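In what follows, a single structure is set out as structure tokens and then discussed.
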Amino acid sequence: MTAFEIPGSVETATTHFPTPFHIYDAAAMSRASEQLYEAMEKAAVPGFQNFFAVKALPNPHVLRELVALGHGLDCSSLAELALAKQVGVNGEKVMFTSNNTSDEEFAAAHELGAIINFDDVIYAERYIERLGAPAFACGRFNPGELFTSTNGKDNMLRGNPAEQKYGMSREQLAETYRQLKAAGTTRFGLHAMLLSNNRLWENHAAVAKLLFQTAREIAEEVGIEFSSINLGGGIGVVYSPDDEAFDYEAFASAVAEAHEAAGLEACGSPRVVMENGRAITASAGWLVTRVQNVKRSYKTYIGVDASMANLMRPGMYGAYHHISLIGDNGSRESELVDVVGALCENNDKFAVDRELPELKVGDMLAIHTTGAHGHAMGFNYNGRLRSAEVLAKNGELKLIRRAETLDDLFAAITPLEPMS
Ligand SMILES: *Cc1c(COP(=O)(O)O)cnc(C)c1O
């Protein structure tokens, strides 16, 4: 299948479920997962594992599929830890990478036996004081001006590390490991997340090189060994037919080479891990929506029954998502249109000046590449309801989350007293 072909299950789903809904294809997730694992295996990257970033697609039905494919889970909040617990994942298959963390969250991560990834020395101190030294602790590195990526356009969601709230400097990292070591931690990891939706393998390889080198130096300085080096997530995907795909094989070879060149056997021969979300599930998801109005004013506006509340990326980042007419047989003329939701918010557009087949009320559209940071970023502004989620697997369709109702929306409101 090419990147923008729609699996048959998506069309079938339109006759089973009211729109809008997100649908995920288990086979496509499995293929994306294999791409990463096979490349890493072929290049013999030591002990490679991906910890799926739960925030990208926080549905336990999907997480269970991913765990079966060999992923650990990367969690950053109480809810994400609860999801890991629900799918029976604990211990060192869970990585807890949080920032501005509460005591309650640390306690939940501790209870699960997760690898704790500290964003700063203040968190390590607090953790040790309240919960004791974690068995396996990781430090989050922010190299500041030491790291620049070459792909400004693709890197717009991350930007300059020195402007990020995450992680700590080289000196602070060393101090964090010193304190952890003194408190009794015996296993250590090093982590950074410096790229987002970045499709240039050279940038990801540069992160690996930087981390391997830093691990070597810190190990010697502090007198510890490293069990794992976490290169972060952020491998980019093809959102537009013009995008070039990430080269997994070139990346994996470069990582293996850098691992060897850094002489990491001198500091514990750490395994290499990542925490990609998008690269695993983005291309396995579609937001299916129905055309409910065609309005011709200054422009032609295709009004659909989904909105920015179901998929925020276009409105928030100006991100491109490909759109197809489901069942398109190529017979219609094309037309330049804006595809819009119903929010009273002018950013609520899935596409601006997009060439699409001439659309009519009742047509079904598939918005592509919504399997990561799609439904998950949903919200209720304007009283819009979060949509259902469907999982297609082995020719079967399973509703894995029902659509929200008005009752859900109002459930948390204190009932009004009767008027006197
Ligand atoms: C969001 C996030 C990820 C996942 O990013 P993707 O672009 O989905 O790969 C991984 N790690 C951290 C710390 C994150 O914040």
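Can you tell me which of 92-99, 380-387, 246-253 comes out highest on packing, and rank the rest after it, using the mean Cβ neighbours within 10 Å?
Highest-to-lowest ranking by the protection proxy: 92-99, 246-253, 380-387.
Kirkwood hydrodynamic radius of the chain from all distinct Cα pairs, in Å?
Every distinct Cα pair counted, the radius reaches 22.7 Å.
Bin width 5 Å, origin at 0, all Cα-Cα pairs of the range 250-301: what percent of pairs per bin?
Bins of 5 Å from zero give 4, 12, 12, 12, 10, 8, 8, 6, 5, 6, 6, 5, 4, 1 percent of pairs.
How would you rank 162-169, 291-298, 58-65, 13-20, highest first, on the average number of other Cβ atoms within 10 Å across their residues?
58-65, 13-20, 162-169, 291-298
Search the structure for amide H atoms under 5 Å from the amide H of Val340, placed 1.01 Å from N in the peptide plane, and list their residues when 5 or more places away or on another chain.
Ile302, Gly303, Val304, Phe350
Mind putting together the pair-distance distribution for the range 177-239? All Cα pairs, 5 Å bins, whole percent per bin, short to long.
4, 17, 24, 18, 14, 10, 7, 3, 1, 0
Can you list residues whose amide H is under 5 Å from Leu397's amide H, if they're 5+ apart or on another chain and H is modeled 1.01 Å from N?
none
Got a sec to turn the phi values of the range 186-200 into Karplus ³J(HN,Hα) couplings, 6.51 cos²θ - 1.76 cosθ + 1.60 with θ = phi - 60°, whole Hz, x for Gly and Pro?
Once θ is set to phi - 60°, the couplings for the range 186-200 become 10, 10, 10, x, 10, 9, 8, 10, 10, 10, 9, 6, 10, 9, 9 Hz.
Is it possible to state the helix-based mean residue ellipticity at 222 nm for the chain, with each DSSP H run of 4+ residues giving -39500 (n - 2.57), the sum divided by total residues, to the nearest 500 deg cm²/dmol? What is it?
About -9000 deg cm²/dmol.
Can you tell me the orientation of helix 26-42 relative to the chain, as the angle in degrees between its alpha-carbon axis and the longest Cα principal axis, to the nearest 10?
Taking Cα atoms only, the helix is inclined about 30 degrees.
Would you pull out the residues with amide H under 5 Å of Phe52's amide H, same chain only if 5 or more places away, H placed 1.01 Å from N?
Here the answer is Gly72, Leu73, Asp74, since their amide H atoms fall under 5 Å of that of Phe52.
With just the Cα atoms defining each centre, how far is the range 50-92 from the range 399-420? Give it in Å.
Using only Cα atoms, the two centres lie 28 Å from each other.
Take the Cα pairs of the range 1-145, get the Kirkwood Rh, then feed it into Stokes-Einstein at 4 °C and 1.567 mPa s and tell me D in µm²/s.
75 µm²/s
Taking 1 over the mean of 1/r across every pair of different Cα atoms in the range 27-278, what Kirkwood radius in Å do you get?
18.1 Å
Filter the cross-link list Lys55/Lys360; Lys55/Lys393; Lys55/Lys398; Lys55/Lys165; Lys93/Lys165; Lys42/Lys85 down to pairs whose alpha-carbon distance in this structure exceeds 24 Å.
Working: Lys55/Lys360 35 Å; Lys55/Lys393 22 Å; Lys55/Lys398 21 Å; Lys55/Lys165 18 Å; Lys93/Lys165 26 Å; Lys42/Lys85 32 Å.
Result: Lys55/Lys360; Lys93/Lys165; Lys42/Lys85 exceed 24 Å.
Please list the radius of gyration and Dmax for the range 101-244, considering alpha-carbon atoms only, with Å as the unit.
Cα radius of gyration and Dmax of the range 101-244 are 16.1, 53 Å respectively.
Through the Karplus equation 6.51 cos²θ - 1.76 cosθ + 1.60, θ set to phi - 60°, convert the phi angles of the range 234-247 into ³J(HN,Hα) values in whole Hz; use x for Gly and Pro.
x, 5, x, 10, 7, 8, 10, x, 7, 6, 8, 6, 5, 9
Within 12 Å, Cβ to Cβ, of Tyr301, how many net charges do the neighbouring residues add up to if Lys/Arg are +1 and Asp/Glu are -1?
Its environment carries a net charge of +1.
Stokes-Einstein at 4 °C, 1.567 mPa s, Kirkwood radius from Cα pairs: D for the range 102-149 in µm² s⁻¹?
111 µm²/s
By average Cβ neighbour count within 10 Å, what is the ranking of 28-35, 132-139, 356-363 from highest down?
132-139, 28-35, 356-363
Using only the Cα atoms of the range 210-278, each taken as one equal point scatterer with no solvent, compute I(q) by the Debye sum, divide by I(0), and report log10 of the ratio at q = 0.13, 0.14, 0.18, 0.25 Å⁻¹.
-0.45, -0.51, -0.73, -1.11
What is the distance in Å between the Cα centres of the range 248-327 and the range 178-247?
If we compute the Cα centre of each part, the gap is 20 Å.
Enumerate the calculated ³J(HN,Hα) couplings along the range 385-392 in order (Karplus 6.51 cos²θ - 1.76 cosθ + 1.60, θ = phi - 60°), each rounded to whole Hz, writing x wherever the residue is Gly or Pro.
9, 5, 7, 6, 10, 10, 10, 9
Taken together, the values in this text are just the output of simple stated rules run on the coordinates, not laboratory data. Please read all numbers here as calculations on a predicted model, not as lab measurements. As a convention, Cβ positions derive from the backbone with ideal geometry for all residues, glycine included, and neighbour counts pool all protein chains shown.
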